[in-house]
1. Hey, any idea what % of the chain's accessible area is carbon plus sulfur with a 1.4 Å probe?
2. At 0.36 nm per residue, and after removing the present C-alpha to C-alpha distance, how many nm does the segment from residue 69 to residue 87 gain when stretched out fully?
3. Considering Cα pairs under 8 angstrom that are at least six residues apart, work out the relative contact order of the chain and quote it in whole percent.
4. How much length would be gained if the chain were fully extended between residue 45 and residue 14, taking 0.36 nm per residue of separation minus their Cα-Cα distance, in nm to one decimal?
5. Taking the solvent-accessible surface of protein heavy atoms with a 1.4 Å probe, what is the per residue accessible area of the chain in Å²?
6. Tell me, in nm to one decimal, what length is gained between residue 100 and residue 76 on full extension, where the rule is 0.36 nm per residue of separation less the Cα-Cα distance?
7. Please check the chain for the longest run free of trypsin sites (Lys or Arg not before Pro) that are loop-located per DSSP (anything but H, G, I, E, B) and have at most 14 other Cβ atoms within 10 Å.
8. Considering every pair of different Cα atoms, what Kirkwood radius, in Å, is found for the chain?
Amino acid sequence: QVQLVESGGGLVQAGGSLRLSCAASGRSFSRSAMGWFRQAPGKEREFVATISWSGGNTYYVDSVKGRFTISRDNAKNTVFLQMNSLKPEDTAVYYCAAARVGTTAIGTAAYNYWGQGTQVTVSA
């Protein structure tokens with residue numbers, strides 16, 4: 001069992017930055033790959049970024065490459081998403097998720113634990 005709680009969302013202007021945090025509890029966190037997903041109104045939940053259990057491998061959706069950075073601190077049971085150069089198209093509810101395995105994964109089916117989501121709104 002892993003519990004995830006996101007924080008750090010908010011309202012920013014285009015070009016601004018936010019850092020999302022995901023606080024995790026549970027014994028399996030350190031061995032779980034982690035992911036960030038987002039869902040805009042009327043849209044399907046979309047993969048954003050993933051990081052392996054050790055933090056050694058990351059993968060991003062093309063639309064955020066060069067702007068977003070996923071990282072984790074296993075000692076603190078926390079995963080982060082640093083979001084720079086934000087665009088209005090990034091507006092969505094962002095969800096943190098823990099995978100069933102330790103390798104990176106981009107599909108929602110690979111994740112069995114999800115946070116409640118945090119709203120990110122980017123104004124033009």
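The values are calculated or read from the model by the stated rules, or taken from the named source; none is laboratory data. None of these values were measured; they are calculated from a predicted model. Please note: Cβ atoms are built from the backbone with ideal geometry, for glycine as well, and neighbour counts cover all protein chains shown. For the accessible areas, the whole protein counts, side chains as well, though only heavy atoms, and no ligand, DNA or RNA atoms are used. Shrake-Rupley method; radii C 1.70, N 1.55, O 1.52, S 1.80 Å.
1. Ligands and nucleic acids excluded, carbon and sulfur reach 49 percent.
2. Working: separation 18, 0.36 × 18 = 6.48 nm, distance 1.52 nm.
In short, 5.0 nm is gained.
3. For the chain, the relative contact order is 36 percent.
4. 9.0 nm
5. 50 Å²
6. Details: separation 24, 0.36 × 24 = 8.64 nm, distance 2.00 nm.
The span from residue 100 to residue 76 would gain 6.6 nm if fully extended.
7. Within the chain, the longest run free of exposed trypsin sites (Lys or Arg not before Pro) spans 66-99.
8. 14.0 Å
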